[in-house]
Each structure stands twice: as C-alpha cells, then as structure tokens.
Amino acid sequence: MVGIRKRTGEKGAAEPVLTRLAEDDTISWYRKPNLRLLYILLFPACMGIELTSGFDSQLINALQIVPSWKNYFGHPEGSLKGIIAAAYSLGAIVSLPFIPIVNDRWGRRGSIFAGSIVMIIGAVIQGLSTHVAMYIVARLILGFGIPTCIVSGSSLIGELGHPKERPVLTSLFNVSYFFGQIAAAGITFGTNSIPNDWSWRIPSYLQMLPSLMQIAFVYTLPESPRWLVAHDRLEEAEAVLTKYHAEGNPDSVFVKGEVEQIVAAIQLEKEASKKSWLDLVRTAGMRRRTLITVMLGLFTQWSGNTLISYYFGDLLDRAGIKDSIMKQKLNVANACWSFVCAFIASFLVKKFRRRTLFLYCTISMLLCYTAWTISMERAETAEDAGGENHAAGIANVFFIFLFPACYNVGYNALTYTYLVEVWPYMERSRGIAVFQFWGRAAAFFTTFVNPIGLDNIEWKWLIVYCVFLVYEIGFVWYFFPETSGRTLEELTFLFEDNALAEKTTHAVEQAVHHNDSGSFRGEKIGATAHAEKLN
C-alpha cells in the first residue's frame, strides 16, 4: 500500500501518490524502448518549434550587420528598425484568440501542423521581399504562425512525458531557441560576404526549415492522452499511456492510477469550465493563475533580454567594436554561449525548487544589469569627452555575455515547465495563450522602443530595466507558488478547495490500492457541488 504523507504548501495540491510511484520506478527512460522512441520523436516534432523563434531573433540581429541588407532596405534606423524587428511579435499577438479553438478542435498535433504551414508561407514571402513593407508583412505572417505551435508543442511535451522526465523535457523545449540562434548567426556569418541580395535572402528562406521538420514528424507522435480523454476517446488515451509509460504492460498499476487521475481531474474541470476566456478570471484561483501568467509573460521580455537579442550589433558599437566581421564572430559566440547556459539550466529543474531558481534568475539579472549600466556610463562618458575607455568597453562585452547565465536559469529553463504545471488541462491552452499575448506584446514594445531609448538617453536606458528587475524580484517572492514534485493532475486544483484535490487522490487510491480501473471510471464523480466552489 502506498502511504500518504501530507505536504505543506498550496492548499489544493493533491497528495503525490503517483509522483511517489513514478519515483519508485528505478529503470531509466533510455532503457525503455517505447519511451525512448517517444522522446526521440519529440525533438524534431515539438522541441524544434522554438528553433524558429531563436532563428528569427538572431536573423534580424545579424542582418543589421550585413551591408547588403542595410543597403537594400535603405539603412533603417529608429522606429523603422524597431517595427521591422517587432513585426514578428505583432503577428503573434493577432493570432492568439484563435489558439484555444484550434487546439480544442484539431488537437495538439493538428495545431502544430497548421501553425507550421503558416510559418512556411511567411518565410517564402520574406525571402522574396522586394521592399521593406513586404518584408514586414512576411514577418507578421511568421509571427502569426508561431504561437499556435508553441502553445501546442509545450502542452504536448508536458502531457506525453513521463512524470519523472517531464520537468526536464519541458525545460529543454526552450533550449531549442538557442539552436535556432546559433544556426541563424552561423548562416548569416557565412553569407555576410556575398556581394548581392542573396546574402540576406538565403537566411530568410532557411527560416522555414524548422517548420518543414515539424510537418514531417508531428504525426509520428501520439495525440495528447488528456486531449483524448476530454474528447471521450478514453480507450485511445489508455493505449497511449500503456504503450509509452508502461512499455505495453496492460496491468501496470501506475498507468491505471494515471488514467483514473486524468479522468477525475478533467471531469471535475468540465463541471466548472464554461470554455470561455472569462473562465480565466471567474474565480480567485483562476485570477491568481492569470496574474502570474501575465507577469511571467512580461518578465520574459522586459528583463533586458530583447536589447541583447535584437540589437547586439548596436551594443558592440557602443563598446567600441565597429568591424562587421568581428561583430558576426561575437554574435556566433554569444549564441553558442547562450545555448550552453540554457542546456545546463534545463537540468537544474530537478535539482532545485522552482521558486529558488526564479529568485536566483531575477536577483542575478539585477546585479548584472546594474554593473553593466555603470560600465556603459563610463564608456559613453569617455567617448563624449573625445577619448576612449578600453576597460569599460571590455566590461560592457563581459556583462552582455554574463547575462545569459542569469536569464536562462529562470525565464528560459522554467517558463513552460511552470506554465504547464500551474494551468489545469481545460484551461492550459488559454493560459499559455495569455502568456504568449503578454510576452509578445512586451517583446513588441521593447523591441520597438529599444533603439529609440538607446539613441535618445543612451546608457540611462539600462536604468529602466534595472528598476523593473527590482519589481520582478518582489513579485516572484510574494506570488509565485512552488509546483515541484507533483504530477500535472496533482497540481490541477493548486489554488482551489482541498476537497477537489482529494477527489483526484481518491481516484488514484482506488486504482492503486484496489487495482479496479473500471469501478471509478464508470461512476459519476459527484463533483457538481465541489465544482460550484470554482464558480
């Protein structure tokens, strides 16, 4: 019999019965053929989605260094440069209201497929662009397609992964962003010396490659068991979990408990959910989830990262580095270093608690930005006086390279891990769409205003980020709950009444202790009265 130990924390977190069962399984995933195959297929079908975002941010960053791109589009500066970079985020904002509809109707795989088609169209138009307006429209289309893929892909990884590996898998999702950055930086460095338009058209066309990969592999994956259960396809869901989480063993106690937990949680959620955007603010628990999600979206883009991601060349100018080849080399080096930081950070999620990592991330970023602000002030003061401060210039580059080691621990490694854990299944698509909306809106704003701020108030622009980082630290400390060490269903009612969490625990106990998977599934969960508490 599995013992139940009461844990302190959020009031509605269910007892971790399945989590303990999962931890008792000492066989590693790579020794399980079916699970190993699933994880291998997840990489090209889902993990590669953020390749497109990483490729895009680095492409615009690198192309601003390419002489032929600047000549072709008339050396864009100020607001025009800002709108070229920010168009990708603007397109993403426009698509967000449609994401839950597409996810609910066509499932996680269908949503990834549809979004990938849209991005391929955008990449083709981008490569064919004959003027700056066409180029901006192409980037709008690319941005329109990416959120659907991100929401569906991050959800599918979390919903297919075994509870033991799920935190690392969802953390690795964002790591592919840096693969995209490295690819774009390397390709653009290689085409930099081509003395015609192909120096920027080739990288623009190649942005479609991750989407082609997703189209080729996404239907080799099974559909999300939770989506199948929500659409009354219980036998298919059980077959998926049996194959991948129990290596085909139909008598697996763990899978029986997992199925019952998913069924119980989704049925309880259906009782309360009206499948409306208003569900996100209807109850105190949902309002807290929404507030955390909105702030997390802002934090991931208002922490100073877009300044480095999109205007790396301008920052090197201010550090005294003018040569385009040297800039491209440092650009590639920064992309590779960012990948290393993100990859290492993705494996920390099982070693440290979520709040600990978020607090390290925000505090270290504040320290880094404060030091960077001082060094930039010293460098620009010397330049204004007609001299040059080499030490301050070197310090500027050092702190630019230090920043990924701070940022990636929280806002790269943990973002989708945390969102998948905080949001219950019925509202997960809407919840992550809310994150995407505020993240993209923040990215659009900062990407647009960064060149304006740098041009007008120079080093003082960094103080704005320092102030906001202080706010981030306070918010994380007071509002972010701890979610580590639980399955998704054990976290379903994290902010709700304990009685609701106990329903899912009861379902698991019936399956685990009595090995009776049929009795509970056939009965009405009797959750109407409890569900009313959510309303």
*asked:* Which of the numbered conditions does Phe217 fail, given that it passes all the others? Conditions: (1) in the same structural domain as Leu160 (by the TED database); (2) farther than 21 Å from Trp29 by Cβ; (3) not hydroxyl-bearing (Ser, Thr, Tyr).
replied: (2)
*Since Ala382 meets every condition but one in (1) open to solvent by less than 40 Å² (accessible area, probe 1.4 Å); (2) within 19 Å of Phe343 (Cα to Cα); (3) not β-branched (Val, Ile, Thr), which condition does it not meet?*
(2)
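Is there a residue in region 441-449 that is more than 19 Å from Ser276 (Cβ to Cβ) and among the hydroxyl-bearing types (Ser, Thr, Tyr)? Write out each step before concluding.
So the first thing to find is which residues in region 441-449 are more than 19 Å from Ser276 (Cβ to Cβ), and the list is 441-449.
Applying the additional criterion that residues be among the hydroxyl-bearing types (Ser, Thr, Tyr) yields 446-447.
Yes, that holds for at least one residue.
Any residue at all in region 168-175 that's closer than 20 Å to Leu491 by Cα, under 20 Å from the mean Cα position of the chain (by Cα) and surrounded by fewer than 21 Cβ atoms within 10 Å (Cβ to Cβ)? Working first, answer last.
Restricting attention to region 168-175, the residues satisfying the condition of being closer than 20 Å to Leu491 by Cα are 168-171.
Add one more test, that the residue is under 20 Å from the mean Cα position of the chain (by Cα), and what stays is 168-171.
Narrowing the set further to residues that are surrounded by fewer than 21 Cβ atoms within 10 Å (Cβ to Cβ) leaves 168.
Checking region 168-175: at least one residue is closer than 20 Å to Leu491 by Cα, under 20 Å from the mean Cα position of the chain (by Cα) and surrounded by fewer than 21 Cβ atoms within 10 Å (Cβ to Cβ).
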*What is the residue count in region 95-112 for residues that are open to solvent by 10 Å² or more (accessible area, probe 1.4 Å), in contact with a helix residue (DSSP H, G or I) (Cβ under 6 Å, 6 or more places away or on another chain) and among the β-branched types (Val, Ile, Thr)?*
1
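Quick grid of which residues meet (1) part of a helix (DSSP H, G or I); (2) under 19 Å from the mean Cα position of the chain (by Cα); (3) free of Cβ contacts under 8 Å to residues at least 60 places away in the same chain:
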position: Ile182; (1), (2), (3): yes, yes, no
position: Ser204; (1), (2), (3): yes, no, no
position: Trp227; (1), (2), (3): yes, no, no
position: Gly248; (1), (2), (3): no, no, no
*Working only within region 304-328, note down all residues that are of a type in the set (A, V, I, L, M, F, W, C) and part of a helix (DSSP H, G or I).*
Leu307, Ile308, Phe312, Leu315, Leu316, Ile325, Met326
_assigned to a helix (DSSP H, G or I), open to solvent by 10 Å² or more (accessible area, probe 1.4 Å) and either among the small types (Gly, Ala, Ser) or not assigned by the TED database to the domain that holds Leu212 (or both): which single residue out of Ser68, Ser116, Ser155, Ser89 fits that description?_
Ser68
*Take Ile292 and decide whether it is in a helix (DSSP H, G or I) and at pLDDT below 85.*
no
*Please work out which one of (1) open to solvent by 40 Å² or more (accessible area, probe 1.4 Å); (2) out of contact with any Cys (no Cβ under 7 Å at 6 or more places or on another chain); (3) polar (S, T, N, Q) is the condition Asn331 fails and give its number.*
(1)
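The values are calculated or read from the model by the stated rules, or taken from the named source; none is laboratory data. Since this is a predicted model, take the numbers as computed values, not measurements. No Cβ is skipped: glycine too gets one built from the backbone with ideal geometry, and neighbour counts run over all protein chains shown. Keep in mind that these areas ignore ligands, DNA and RNA; they rest on the heavy atoms of the full protein, side chains included. Shrake-Rupley method; radii C 1.70, N 1.55, O 1.52, S 1.80 Å.
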